[in-house]
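A.B. asks: One structure, pasted below without further comment.
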Amino acid sequence: MVSKDSGSSSFARSCAAIILAAGEGTRMKSDMPKVLHEIANLSMIGHVIMMVQEAGVDTLIAVIGPGREDVRAEILKLCPSAKIVVQEQRLGTAHAVLAAKSEIGERFDDLLVLFADTPLLRAETLQSLRKPLSSGAAVVALGFNAENPAGYGRFLTEGDRMIAIREHKDATEAEREVTLCNSGLMALDGKTAIGMIEAIENKNSQREFYLTDVVEIADRRGLASFYRVADEQEVMGVNDRVQLSKAEAVFQGRLRNGAMLAGVTMAAPETVFLSFDTRFGRDVHVEPHVVFGRGVSVGDHVRVKAFSHFEETKIAEQAEIGPFARLRPGTELGVGVKIGNFVEVKKAVIGDGAKINHLSYIGDATIGARSNIGAGTITCNYDGFFKYTTIIGEDAFIGANSSLLAPISIGNGAFVGSGSVVTDDVPANALALARGQQVVKLEWATAFREKARAKKARK
Ligand code: UD1
Ligand code: MG
């Protein structure tokens, strides 16, 4: 992990990040732990892990609740080297940090404590919080000016020094007037932190071991605590699904702005939904109401028309997609591919310049360059038990309303007549017709109408 600011002295220091994730999260009303709820298709704890990695910490330690194998798996998926400890009983934030004591010891110069339910924090903020540690600070806490401070811990300050953090429930009327609140994020000097946290007692209204008490302990020991102030939005905690949707909105705004500033045009960015990992080339044009699920990359000069939906898809340069296209996992579009309205593609590689312009389902398939897939073509890939593959060569022409019964292969340059149900392979440059023969009966309609009229007249 490389820090962005490796020239600065503070980053020569070793650093561990401790992510507290043993919360109960009952207000989510969910069968899933709170920190696994997603923002832009990445879990909240995933956001914190990615941010910490971007900030360049050496070691990541996560404190999880007992039996939370799902949270453990998510952490290890994103950071295989993470150390995970279990806090058996939920006795407060200081108690949670001490659950990781054996992993921390005095091994690190700097310690960062983060909450897994505060997913919008930026790496720059984390780095700025660490800075005072290199000039002797024992504690640096991150605060924000709360619009509604009720419930938050309050910063009691003197100049740029901090004297105490008072939890709302333990604060006096005068202390509750303070609007500078604790975000929970804290940087601590690694040599003194554990000793101070061990001295924390639970003599408070909640009988909890508050990490915030470390500030008063530092003060008593003649050590200095400082604070930094962040934007309220950035340190927003997520406790229920209304807050989750607010965090989603903020993060979507960041992703959209990032994409636009990197060369993507969006006429109505507020209607376009991105994932944390969506990648765009230059001069991509995204029309309104498009959803990018996880794992989508879009090449230069691609146009995405309105109401399209993508997941795990690679789109090469100059493709034109939609409106109303659905590209599902495993789709790869070559250069200049055209996918039109009401076309669904799944696990299929579409060669350069190929066209699937209307009303089709293409699944488990390979389509060669420049082939034209007519309206209403369906790859019949599933028999209720197994999936089968369709292979279409280059420069092939599949007539409209054809069903291709997989497994099947259609050679280069072959034609399939419209309305065919193709059950056998078609050699290169052949024509396959697999439909009823047309019968034409001259003047049949005239005779029919005459007979019918005469019958009606008799009644
Ligand atoms: C905490 C802060 C408060 C701050 C607020 C910001 C303390 C004592 N208070 O209060 O000053 O304004 O966050 O949202 O730190 N956790 C554990 N184990 C525990 C207890 C908590 O892992 O035993 C984790 C939770 O999962 C959560 C975080 O620590 O990620 C904060 O815990 P929470 O109970 O939400 O603290 P608050 O009362 O919100
Ligand atoms: Mg909280």
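The values are calculated or read from the model by the stated rules, or taken from the named source; none is laboratory data. These figures come from a predicted structure and were not determined experimentally. Every residue, glycine as well, gets a Cβ built from its backbone with ideal geometry; the counts of neighbours run over all protein chains shown. Ligands, DNA and RNA are stripped out before the accessible areas are found, and what is left, the full protein with its side chains, is counted by its heavy atoms. Shrake-Rupley method; radii C 1.70, N 1.55, O 1.52, S 1.80 Å.
A.B. asks: Can you pull out the residues in the stretch 67-103 that are among the hydroxyl-bearing types (Ser, Thr, Tyr) and touching a residue at least 40 places away in the same chain (Cβ under 8 Å)? If you could, list the steps in order and put the result at the bottom.
C.D. replies: Our first condition is that a residue be among the hydroxyl-bearing types (Ser, Thr, Tyr); within the stretch 67-103, this holds for 81, 93, 102.
Correct list: Thr93 only.
A.B. asks: In the stretch 350-381, what residues are in contact with a Lys or Arg (Cβ under 9 Å, 6 or more places away or on another chain) and open to solvent by 20 Å² or more (accessible area, probe 1.4 Å)?
C.D. replies: Across the stretch 350-381, the qualifying residues are Asp352, Gly353, Lys355, Asn357, Tyr361, Arg370, Asn372.
A.B. asks: Restricting attention to the stretch 202-210, does a residue exist that is away from ligand 2 (no atom under 16 Å from the Cβ) and either at pLDDT below 95 or under 17 Å from Leu114 (Cβ atoms) (or both)?
C.D. replies: No, the stretch 202-210 contains no residue that is away from ligand 2 (no atom under 16 Å from the Cβ) and either at pLDDT below 95 or under 17 Å from Leu114 (Cβ atoms) (or both).
A.B. asks: Also, I was wondering about something else. For the stretch 18-39, which positions are within 29 Å of Asp110 (Cβ to Cβ) and more than 10 Å from ligand 1 (Cβ to nearest atom)?
C.D. replies: If the condition is that a residue be within 29 Å of Asp110 (Cβ to Cβ) and more than 10 Å from ligand 1 (Cβ to nearest atom), then Leu36, Ile39 are the ones that fit.
A.B. asks: Now, a different point. Report, by residue number, each residue of the stretch 251-270 that is open to solvent by less than 30 Å² (accessible area, probe 1.4 Å) and β-branched (Val, Ile, Thr).
C.D. replies: Val264
A.B. asks: Please specify each residue of the stretch 112-124 satisfying the condition of being in a loop (DSSP other than H, G, I, E, B) and away from ligand 2 (no atom under 16 Å from the Cβ).
C.D. replies: Hit for the stretch 112-124 is Arg122, nothing else.
A.B. asks: Collect the residues in the stretch 214-243 that are crowded, with 20+ Cβ neighbours inside 10 Å and either under 30 Å from Phe307 (Cα atoms) or more than 16 Å from ligand 1 (Cβ to nearest atom) (or both), keeping them in residue-number order.
C.D. replies: Phe226, Val238
A.B. asks: State whether the residues of the stretch 184-200 include one that is over 23 Å from Lys83 (Cα atoms), surrounded by fewer than 22 Cβ atoms within 10 Å (Cβ to Cβ) and assigned by TED's automatic domain parsing to the domain that holds Ala22.
C.D. replies: The answer is yes, given that some residue of the stretch 184-200 is over 23 Å from Lys83 (Cα atoms), surrounded by fewer than 22 Cβ atoms within 10 Å (Cβ to Cβ) and assigned by TED's automatic domain parsing to the domain that holds Ala22.
A.B. asks: For the stretch 415-446, which positions are outside any loop (DSSP other than H, G, I, E, B) and either among the polar types (S, T, N, Q) or open to solvent by less than 50 Å² (accessible area, probe 1.4 Å) (or both)?
C.D. replies: Val416, Val422, Val426, Ala432, Ala445, Thr446
A.B. asks: While we're on this one: Assess whether His37 counts as being in contact (Cβ under 8 Å) with a residue 60 or more places away in the chain, open to solvent by less than 20 Å² (accessible area, probe 1.4 Å) and within 15 Å of ligand 2 (Cβ to nearest atom). If you could, list the steps in order and put the result at the bottom.
C.D. replies: Working: in contact (Cβ under 8 Å) with a residue 60 or more places away in the chain: yes; open to solvent by less than 20 Å² (accessible area, probe 1.4 Å): yes; within 15 Å of ligand 2 (Cβ to nearest atom): yes.
In short, yes.
A.B. asks: Hey, among Gly56, Gly23, Gly105, which residue is at positive phi and either open to solvent by 20 Å² or more (accessible area, probe 1.4 Å) or over 24 Å from the mean Cα position of the chain (by Cα) (or both)? Full working, then the answer.
C.D. replies: On the way: Gly56 fails: either open to solvent by 20 Å² or more (accessible area, probe 1.4 Å) or over 24 Å from the mean Cα position of the chain (by Cα) (or both); Gly23 fails: at positive phi.
Answer to the check: Gly105.
A.B. asks: Can you find a residue that is closer than 28 Å to Asp395 by Cα and open to solvent by 60 Å² or more (accessible area, probe 1.4 Å) anywhere in the stretch 285-293?
C.D. replies: No.
A.B. asks: From the list Val337, Val302, Val296, exactly one residue is closer than 27 Å to Ser418 by Cα and either crowded, with 22+ Cβ neighbours inside 10 Å or of a type in the set (A, V, I, L, M, F, W, C) (or both). Which is it? Outline the logic, then answer.
C.D. replies: Values: Val302 fails: closer than 27 Å to Ser418 by Cα; Val296 fails: closer than 27 Å to Ser418 by Cα.
Val337 is the lone residue from the list that is closer than 27 Å to Ser418 by Cα and either crowded, with 22+ Cβ neighbours inside 10 Å or of a type in the set (A, V, I, L, M, F, W, C) (or both).
A.B. asks: Exactly one condition in (1) surrounded by fewer than 14 Cβ atoms within 10 Å (Cβ to Cβ); (2) modelled with pLDDT of 95 or more is not met by Ala141; state its number.
C.D. replies: Single failed check for Ala141: (1).
A.B. asks: Residue check: is Glu248 free of Cβ contacts under 8 Å to residues at least 40 places away in the same chain and open to solvent by 20 Å² or more (accessible area, probe 1.4 Å)?
C.D. replies: Against the criterion (free of Cβ contacts under 8 Å to residues at least 40 places away in the same chain and open to solvent by 20 Å² or more (accessible area, probe 1.4 Å)), Glu248 does not qualify.
A.B. asks: How many residues does the stretch 125-166 hold that are within 16 Å of ligand 2 (Cβ to nearest atom), farther than 14 Å from Val215 by Cβ and assigned to a strand (DSSP E or B)?
C.D. replies: 1
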